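Read through the structure below, which is laid out as structure tokens, and then see the notes.
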Amino acid sequence: MHLKSPKEIQALAESNRLVAEVMQGVKHLIDVGAIPKEIDRWVEKAIRERGGTPAFKGYRGFPASVCFSVNEKVVHGIPDHTPLRDGDICSLDIGVLYEGFYGDMARTYPVGNVQPEILKLIRVAHESLDDGIRAFQDGNRLHDISAAVQARAESAGYSVVRDFVGHGIGRNLHEDPQVPNFGRSGTGVRLRVGLALAIEPMLNLGTHEVEVLDDNWTVVTRDRKASVHVEDTVVLTEEGPKILTRLPEAAPVA
Ligand code: MG
């Protein structure tokens, strides 16, 4: 578990600012009829224009710059040419490498008119992320974050995915420790100033069970009910958790 120096935190903040700017821009492209593959091209261009490199493209052979997961897709969806339909939700996960440090974030966006129960799932996912971030405090334990995410999700009647987890982040996209979205508070490694984590709740409307499609990438819910994925990169400072993937000028999360 690598604790970052102030200088490293500054560099990490720049990488994550880049990814946050790209996510802010891509939000306006999500609409009925939009083509995920074209959105992926826009994302790659936006990352490269800012001097970054898409972190997911080529990662273990992943073919795109954005993981694009629609409706029952949980994570790792491959952007294709299927137009977005009214009532869809799509989770976009974007990773960048900039000057030696990684940025990583995800948001789930509604397309057109989305059923209220699905909009509520998105809202609770953000609340669970915020609860997790609030538990990221010096001296707390890792699973205090996990338990906070899980409690918020399950008390609203949703399930949390077990098979995929958040992670440390820095000069590597995935560093120790793993950050599950479930667990018992008071357990796990001690959290310390300088630790940087990508906290990423994945909430399902139905079962927490998932499976991988034949493309060997796309993760879907076993019952094919909707799933939401939100992720922020957060560093623990003397002043508490600092979210690196939210722009100061950005509107509050929905
Ligand atoms: Mg991540």
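The values are calculated or read from the model by the stated rules, or taken from the named source; none is laboratory data. All values reported here derive from a predicted model rather than from experimental measurement. Virtual Cβ from ideal backbone geometry, glycine too; neighbours counted across all protein chains shown. Note: areas computed on protein heavy atoms with side chains; ligands, DNA, RNA excluded. Shrake-Rupley method; radii C 1.70, N 1.55, O 1.52, S 1.80 Å.
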| query | Val189 versus Leu29, label points 7 Å from Cα toward the beta carbon: distance in nm? | reply | 3.5
| field | 1.4 Å probe accessible area per residue over the chain, in Å² | value | 44
| query | Starting at 0 and stepping by 5 Å, how many percent of the alpha carbon pairs of the chain end up in each bin? | reply | 1, 7, 14, 19, 20, 18, 12, 6, 2, 0
| note | Scoring only Lys, Arg, Asp and Glu (+1, +1, -1, -1) among other residues with Cβ under 15 Å from the Cβ of Gly183 yields 0
| note | Of His143, His28, ordered by accessible area with the largest first and a 1.4 Å probe, the sequence is His28, His143
| request: Can you spot the lysines whose alpha carbon is less than 19 Å from Lys45's alpha carbon? Ignore those fewer than 8 places along the same chain. | output: Lys27, Lys37, Lys57
| Theoretical ellipticity at 222 nm over the chain - DSSP helices of four or more residues, -39500 (n - 2.57) apiece, nearest 500 | -9000 deg cm²/dmol
| With all protein chains present, how much of the accessible area of the chain (probe radius 1.4 Å) comes from carbon and sulfur, to the nearest whole percent? | 48
| message | Show me the helices of the chain, taken as full DSSP H stretches, that run 18 Å or more along their long axis by Cα and average -1.0 or above in Kyte-Doolittle hydropathy. | response | 6-26, 116-134, 142-155
| said: Output needed: percent of Cα pairs per 5 Å distance bin for segment 141-207, bins running from 0 to the one holding the longest distance. | reply: 4, 20, 27, 24, 14, 8, 3, 0
